[in-house]
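Comments concern the structure below.
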Amino acid sequence: MMRMGRLWAVAASLLGAGYLMLPAAGARADAFMDEVNAEVVKYAGPQSDWRGPTSSPKPDPGKTIAYMSTDEQNDASREWGQAIAEAGAKIGWKVIIIDGHGSPVGWQQGINQAIALKVDGIVTNADAASLKDPINEARAKGIIVVGIHATAFPGPQPEAGLFVNIQQDPREIGRAQADWIIANSKGKARVVVTSHCEYAIACAKAHATEARIKECPGCTVLEFSNSPIAEVAQRQPALVTAWVQKYGTPLYITSVADYTADYQIPALRTGGVDPADVIIVSADGNKSAYERIRAGGQYQLVTASEPYKMQGYQAIDELNRAFHKEPPSGFVQTPYLVTPDNINAEGGEKDTFIPSNNYEKRYLELWGVK
C-alpha cells in the first residue's frame, strides 16, 4: 500500500508539473509570434528613417570612375550603373560603364579595361573572389575599388581588396523572409529552403532563413535544397514538382533570388497546383517579382527588395570618403519586404524599391551640392 501511495504521489507530481508547463509553453509561443509579427511590420512598413551618414568630406571634382557591371542585361546591374553615373555627374565626376557580359572572363577584361583607362576608382557588382588578381593590380596602381554585392557581407573588405562592399545584410534578409512566412502561416509553416551555395552571400541568406524557421515551435523545415544557379533553368522545374509530390501542400518555398521563381512558377502552373497552396518568398526585387506580386495568383507573394538607386549614390559617397583617406560610412540599409499589401509603396509603382528617406537630398547636402 505504501508503494502504491508513492506511485500515486509521483504521478500526481508529474501531472501537476505538466499542467504548470503547458501555460508556460503557450506563453513562450505567444511571445515568439508577437516578436515575429512586430518584425514583419518593421520590414514591410515605411522606410522613411534615414540611417545613413550625417557628415561627409566635400568631393573634389574631376574624378573618373569606372563601373564594371556583371551584365547590363540584368535589371539590378544596369540600375546600379545608372545611379552611379547620375550621382557622379552631380559632383563633377565622369563615370564610364563597362559591360562584363555575364561571365567571369568578361569581368576580368572589364576590370583590366578600367585599369588601362587609369581611372581614380572602380565600382563593381561582380564576385570579388573571382577578380582577386585584377583587383590587387588596381590597388597597386592606387585605384580605389568599391563592391556592390561583391562579397558575402556588407562593410569594409580589405582581404578582398575592397574599400567597402555595399549591400543589405543577407542574414537579416533571410531572417525577414522567415518572419513573414511564420506570421503568414500563423506559426505552422512547412518550408523548403533553397540556395546556391557557390555564392557565400546566397548561402548566408538561406541558412539564416532556415535557422529562423527552426525557432518556430510549430514550423518545419522540410528540406534545404542547394543547387548551382547556373543550372536553375534545367533543375528548378523538376525540383519544385518533386517537392509538391513528396511533401504535399500547403507549402512555402524560399529563394535567395527572384530569378529562381522565374523557372519554378511555370512548372507549378503546368502541374495544376493552386497558387494558394504553394507560396514563394524570394529576394532581390526584380521587376518580374513586382509584377507577379501585383497581379496575384502567381504563387510569389513576397520579395525582399534591394534599393538599387540608393546603393549607387552610396557607392559615390564611399569613393569620396576613400579619396579623402576617411573610413567607410558604415551604412547598411534594412531589408524591405514587398508584399501584396504594400506593392505600390516605397517606389513600388515603378517596380523597384526607392526608400522614402530622401536619400538623394541627404547625400547632395552632405556633398555640398545645391
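The values are calculated or read from the model by the stated rules, or taken from the named source; none is laboratory data. Bear in mind the structure is a predicted one, so any value in this text is a computation, not a measurement. Virtual Cβ from ideal backbone geometry, glycine too; neighbours counted across all protein chains shown.
No other residue among Lys370, Lys325, Lys361, Lys350 is surrounded by fewer than 18 Cβ atoms within 10 Å (Cβ to Cβ), free of Cβ contacts under 8 Å to residues at least 12 places away in the same chain and under 30 Å from Arg139 (Cα atoms) apart from Lys325.
A quick yes/no check of all residues on (1) buried (at least 22 other Cβ atoms within 10 Å of the Cβ); (2) without any contact (Cβ under 8 Å) to a residue 24 or more places away in the chain; (3) in a helix (DSSP H, G or I):
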| residue | (1), (2), (3) |
| --- | --- |
| Thr209 | yes, no, yes |
| Ile213 | yes, no, yes |
| Pro217 | no, no, no |
| Val244 | no, no, yes |
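Residues that are touching a residue at least 60 places away in the same chain (Cβ under 8 Å) and assigned to a strand (DSSP E or B) within the stretch 141-164 comprise Ile144, Val146, Ile148, Gly155, Pro156, Phe163, Val164, listed in sequence order. Does Arg212 meet the test of being farther than 30 Å from Arg28 by Cβ and at pLDDT 95 or above? Criteria not met by Arg212.
Show me the strands (runs of 3 or more DSSP E) entirely contained within the stretch 40-127 in which 1 or more residues are over 23 Å from Pro154 (Cα atoms). First the steps, then the outcome.
Working: elements: 64-69, 94-99, 121-124.
In the stretch 40-127, 64-69, 94-99 are the strands (runs of 3 or more DSSP E) which contain 1 or more residues that are over 23 Å from Pro154 (Cα atoms).
Of Asp99, Asp169, Asp120, Asp127, which residue is buried (at least 17 other Cβ atoms within 10 Å of the Cβ), of a type in the set (Asp, Glu) and modelled with pLDDT under 95?
Values: Asp99 fails: modelled with pLDDT under 95; Asp169 fails: modelled with pLDDT under 95; Asp120 fails: modelled with pLDDT under 95.
Result of the check over Asp99, Asp169, Asp120, Asp127: Asp127.
Of all the criteria given as (1) among the small types (Gly, Ala, Ser); (2) in contact (Cβ under 8 Å) with a residue 40 or more places away in the chain; (3) over 19 Å from Pro228 (Cβ atoms); (4) in the same structural domain as Met68 (by TED's automatic domain parsing), the one not satisfied by Ala183 is (4). Which residues, taken from the stretch 90-113, are under 23 Å from Asp75 (Cβ atoms) and among the aliphatic types (A, V, I, L, M)? The answer is Val95, Ile96, Ile97, Ile98, Val105, Ile111. Pairing each residue of the stretch 220-233 that is over 12 Å from Ser195 (Cα atoms) and among the polar types (S, T, N, Q) with any residue that is in a strand (DSSP E or B) and at pLDDT 90 or above, provided the two are 6+ apart or on different chains, yields C-beta distances under 6 Å for Thr220/Arg190.
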